[in-house]
Structure formats: C-alpha cells, structure tokens
C-alpha cells in the first residue's frame, strides 16, 4: 500500500500530461479539419502561418490573381521552413513561366521585351528552389525549359566580345552586347 501511495503523484502527473496531449491533439485535428474544408470549398485560409499563406497564394494563383498570389508567396517564404520556401520558389517560378508563355503566345516575339524580365525571375526562382533541394527533378526540368526559352549567356563570349583586348578598353568604347536579348542560340551566318 505504501508503494502505491508513493507512485500516486507520478501516476497523477502522467494522467495530467496524457490529458494535455489529448487536448492538444484534438485542437490540432480541429484546425486541420477546418483547413481542409476551406481548401475543398475554395475559401481563403486568412491565417498567419506559412502553410496558410502558401495555401492562400496557391488559391489566388488558381483564380488568376497573380500579383496577390506573389504577395502571399513572399510572406510564406519569409515565415516558412525550407520545405515551404522550396515550394514557394517553385510555384513562383511557375507563375512567371506561365505569364511569359501566355504573353509570347498572344503577342508573339514582338513582346520579348516584356517576357525577358519575367523569364529572368522565373529562372532565378527555380535556381533558388534547387539551392534548397538540388535533387528536385521537377525544378530541374522547369529550369531547363526556361533556359531553352531564354538562354543565359552570363560569362559567355559572344561575337561582340571575342577579342581579349576589348576588355582593356573603356566602357564608352565598347559595343553593346545584344545576344542576351535575342531568344534562342545564334545559328551563324546565312
């Protein structure tokens, strides 16, 4: 009997901890249920956590409100862990890539000046996602697609910069390098 009395405070503490864990689990399940119902209904989460901001950004992107979606994604990236940031960078890159392709399809290559900055942002976001997870196949594929649409010529000698002596001349004398603004790879002389 004395042994049971000595263990009674420990059993009571264990009971209180078990009840607290049960309450905490119940609240978490309730929040998850509300979260899932809002997703199914297509309603905004209006929360402050990174996951809720990410879900709101995704919903806004699906509704075609790209600017608002980018704002939500930026907030989610600032508050989230690596998994959220990786998904944010990937989805942001997808938004920029989709915008670029839509503009090119509707206006043609005349709109390349509009598309160039969007493609740069697209490639930058895919690269950031790959910095977090270098083995992510989807981000690699989309980055390669973006690079095929708009190749990066950073550090590459183009026909205007093939001479080493040009590097010693002043900036005023150098000819502008036009190749990065032309889509595709140069094919040479006709």
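Each reported figure results from applying straightforward, stated rules to the coordinates on display, with no laboratory input. Note that the coordinates shown come from a computational prediction; the quantities given were computed from them, not determined experimentally. Backbone-built Cβ (ideal geometry, glycine too); neighbour counts: all protein chains shown.
What order do you get for 8, 89 when you list them from fewest to most C-beta neighbours inside 10 Å?
With the sparsest Cβ surroundings first, the list reads 8, 89.
I need 81, 133 ordered by Cβ neighbour count within 10 Å, fewest first.
81, 133
Taking N as the number of residues in the range 38-91, what is its Cα Rg relative to 2.2 N^0.38 Å?
Rg over 2.2 N^0.38 Å, computed on Cα atoms: 0.99.
Of 52, 40, how do they rank once you tally other Cβ atoms within 10 Å and put the fewest first?
40, 52
Between rounded, prolate and oblate, where does the range 47-149 land on the alpha carbon gyration tensor, with a ≥ b ≥ c its root eigenvalues, rounded for a/c under 1.5, else prolate if a/b exceeds b/c?
Oblate, because a/c is 1.5 or more while a/b does not exceed b/c.
If I model a spin label as a point 7 Å beyond the Cα along the Cα-Cβ vector, how far apart are those points for residue 8 and residue 35 in nm?
In this crude spin-label approximation the distance works out to 4.2 nm.
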